[in-house]
Every structure is written in structure tokens, then in C-alpha cells.
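Below is one structure; the comments refer to it alone.
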Amino acid sequence: MGLAPKLYQSSNLLDPLIPSIIPAQLLPDNSEDMTRNLVVFGTSSHPILTSAICDRLGIAEGNAQLGKFSNGETSVQIFDSVREKDVYIISPGSGHVNNNLMELLIMISACKTASAKKVTAILPVFPYSRQPDSTHRKTGAPLLQRTVKEIEKSAGTYTFESRPGTPAPTEKKGFNLGDVKDKELMPPPSYNGGGRPPVEEVMKKTSGYKDWIAQAGTLVADLLTCAGADHIITMDLHDPQFQGFFDIPVDNLYGRPLLQRYIVSQIPNYQDAVIVSPDAGGAKRATAIADSLQMDFALIHKERRPNRPKIGDREVASMMLVGDVEGKVAILIDDLLDTGNTITRAAKVVKDHGATAVYALTTHGIFSGDAIQRINASALDHIITTNTTPQEENLRLCSKLDIIDVAPVFAEAVRRIHNGESVSMLFDYGM
């Protein structure tokens, strides 16, 4: 199955609306000055997207050679002059993420060294943006334990000078020998037969943290800035707080307008369908689409209990549907699909509750491991994602997969930023 028949050009779906939503003075005049002093490069992560963006802009892709030395180090050569030019480098954080990130960093540094006026890194999928929520959900920070009576007693007594309780060892009060029973003065028994629990077990029970995971997103932000990036363009950050890790401008474009346009144009009788969030974390994203299209909303709640079985370090969560999907089309909304475990389990839940068909719409389709095989065997009828990552092989393996083209969105963002125009329209309407 080829790519062309299933590639939805988002711009074509919006063309009839362009005159009504964009002031005439902001429409492109197709003059040659529009792309003067503009150079676009791409790493080896997604050459098809880079070529599509350049075609949309009407310019040739910058001439650069990427390779590896015999010892595995990354080699980058820039053959086009970038002196006093605006340079845009496209590199999604997918596939061989570490290699692609190193190519991007070296290319940014090379362009800055060659006197580029401005270097903008375009990362449709931001690398290392999913790690902060891994470990801290299990136990959280060690909080000070207090009884209900103590909390009620302290209510209303806090002032601006009050100091909140901190997880510190409790102070041991002094005692009087006359108040201690004789048996408490006896020396503790000696543990010589394994009766004393191991130190590791004691620490595991008393410590608030089981382990610590490095928040690599801050490091990636620092690396991009130190390499010389002046601007970052990305789409649907998994964690929006990552924008605060940068000291340079970050434009986080939204995939929501593209997904909404697909729902309206490709799903029959979409007003009678139900938007479903596969977990509580994506409820805000799903409700935004439901409210915009005036559709019903449902939520799948994951219930995790300590006594439930585990797979490795992960608890097996039971999934409970909050809402009504019986006799209706269910549309699952998420920002990223990696292994497909959450979305396929959610599809089974809504099918078990009487949904007639199940669509899954996600901005980023990573499809790691056996995700495609899992989707093919799942209750999903259609799965729709964008080409922020390469999807050619996935299209061949999965007949349920449809692709929305994001090249027009990023091309318009490049054009507007290069010409000093506002990009706020893209947050609401895409392109």
C-alpha cells in the first residue's frame, strides 16, 4: 500500500476557509523575497518530511553530507553558504534518537560557526520529553505523616512566616531512667543467625524514594542552546513544562486542529460520536476537541492498587470507563502512541461497553517494538496519526493506519517566522 492514497493533505482541507480566517494582508504574496536568505537542512531522521517542507516553501533543500567515521563518530559537512542567513534544521526525535540528536547538535554548531544569522531547530517530536513522569508516580516524595486530628488542629494557624513541615527525622525526646521498665534497660538481643533483617530491606521500607531518574529534557535543552540554537519549533510536547527549560523562544505548535479537521471531514456523523480520553492525563486535550466540535466526552480511568499483580516494576492497572459509548462511535484521543499498550487496552474497554466502531487519533505515532502487531490484533478499526515521524514502513504493515501530513504546518511556521509574522494563527487553525 503506497503512501500517497492515505496521506491527508491538511492544507487542502483548510483551503476553502483560508480567506475567512486569515486577513488578506497576512496571506503570502508568492514573491521571491519571501524565502530570500532562507536555508533548510535536515538530519537523517526524516528526509521525506524535510523534502516536503522545502517543496511547500518552494526552495531546494540545503546541501549537507551526514555520515559516520570508522569509529562511529558523527560526521557533518555543510556545502552551502549560510553566512548572514536564516537556517532551519529539521530533526524529529524518533528512530535512532541519539544519533539524530548528535547530528542536529553538530549541524547547529557548524552553521553558527559559519556565521549564520539565526539557527532554528525544528523538532516535530521532541526527544527525551517523556522521562520526568516515570519514577515519581510510584512513591512520590517522602511526605511528613500526620494524623487527621493534627491536621485539623493546625488548620488556620499558618502565616506567611510559617515554615511547612519537611521530611526530616523526628526528634527523639530525652527520657528519665526512672520512667523506663526493667526489661527496656536490657541490652538488645544479638542477631547471629539471620534473625536481623538486611539493611537493604529496612531502607526499602523506610525510604520515600525507590530510585532516582535523571530528567534528561533539561540536559537536551541546554545542549541545543549551547550548540547555538536561537529558536525551537516543536509540536504537541508531551510535557508542556519543557518550554520553561529554554532561555530561547519555543513555539509549541498544536496537532489538535489537524485532528479536528480529520474528524469533521473523514468520520461520518461525527456529531453522534464520543470523544474518549484513554487516561486522566489526556483529559484536557480530549475535552478541548469535544468542546470545540460540540461532542460528547468519556474518560477511561486507570485504577492502580498496591495489592494488584505487577509486570516488572509496573503495576497492572484496571481500566474503568466513565461515560456512555453504547451504540456510538468512540474516538480515542492521545498525543503520542509508542508501544500501543494504553490505546489498545482502551479500545477493548470501549468495545466491551458497546461502541460500534473505534477510532484512535494521535499526534505522534512512534510505534516501538511490536506496536503494529498489537494494533492489528486489537479492537481498533482505524488509527490516525501524523507524519512527524517516518510512517512508510508502518503503512505497509498496518491496513488500519491513516496519515495526516504536517509538512504544510511546519512550512507555514518557517515562512512566518522568517518574515517576522505572527504564528498565533497556527495554534488555532493549523494549516
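The values are calculated or read from the model by the stated rules, or taken from the named source; none is laboratory data. From a predicted model like this one, the values you see are computed outputs, not experimental measurements. As a convention, Cβ positions derive from the backbone with ideal geometry for all residues, glycine included, and neighbour counts pool all protein chains shown. In case anyone asks, the SASA skips ligands and DNA or RNA and just uses the protein heavy atoms, side chains included. Shrake-Rupley method; radii C 1.70, N 1.55, O 1.52, S 1.80 Å.
Quick rundown of the values:
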{"quantity": "Selection count, the stretch 234-269, where residues are of a type in the set (A, V, I, L, M, F, W, C), within 14 Å of Ile122 (Cβ to Cβ) and under 14 Å from the mean Cα position of the chain (by Cα)", "calculated": "3"}
{"quantity": "Selected residue (criterion: least open to solvent (accessible area, probe 1.4 Å)) from residues of the stretch 259-293 that are farther than 15 Å from Asp324 by Cα and in a loop (DSSP other than H, G, I, E, B)", "calculated": "Ile267"}
{"quantity": "Flag for Val406 being open to solvent by less than 10 Å² (accessible area, probe 1.4 Å) and closer than 21 Å to Met295 by Cβ", "calculated": "no"}
{"quantity": "Yes/no for Ala379 being touching a helix residue (DSSP H, G or I) at 6+ places or on another chain (Cβ under 8 Å), more than 22 Å from Asp55 (Cα to Cα), surrounded by fewer than 21 Cβ atoms within 10 Å (Cβ to Cβ) and of a type in the set (Gly, Ala, Ser)", "calculated": "yes"}
{"quantity": "Test: Pro132 is under 25 Å from the mean Cα position of the chain (by Cα), at pLDDT below 95, more than 15 Å from Ala227 (Cα to Cα) and surrounded by 14 or more Cβ atoms within 10 Å (Cβ to Cβ)", "calculated": "yes"}
{"quantity": "Residue in the stretch 383-391 that is surrounded by fewer than 20 Cβ atoms within 10 Å (Cβ to Cβ), on the phi < 0 side of the Ramachandran plot and of a type in the set (A, V, I, L, M) present", "calculated": "no"}
{"quantity": "Residues of the stretch 230-269 satisfying the condition of being among the aliphatic types (A, V, I, L, M) and closer than 22 Å to Ile89 by Cβ", "calculated": "Ile232, Ile233, Met235, Leu237, Ile248, Val250, Leu253"}
{"quantity": "When residues of the stretch 84-106 are limited to those that are assigned to a loop (DSSP other than H, G, I, E, B) and touching a Lys or Arg at 6+ places or on another chain (Cβ under 7 Å), the one least open to solvent (accessible area, probe 1.4 Å)", "calculated": "Lys85"}
{"quantity": "Tabulated pairs, the stretch 102-116, first within 10 Å of Leu223 (Cβ to Cβ), second open to solvent by less than 10 Å² (accessible area, probe 1.4 Å) and outside any helix (DSSP H, G or I), C-beta under 7 angstrom, 6+ apart or interchain", "calculated": "Leu104/Thr43; Leu104/Ile89; Leu104/Ser91; Leu104/Ala121; Ile108/Ile89; Ile108/Val119; Ile108/Ala121; Ile108/Ala229"}
{"quantity": "Search result, residues across the stretch 350-375 that are over 13 Å from Thr339 (Cα atoms), surrounded by fewer than 18 Cβ atoms within 10 Å (Cβ to Cβ) and polar (S, T, N, Q)", "calculated": "Thr356"}
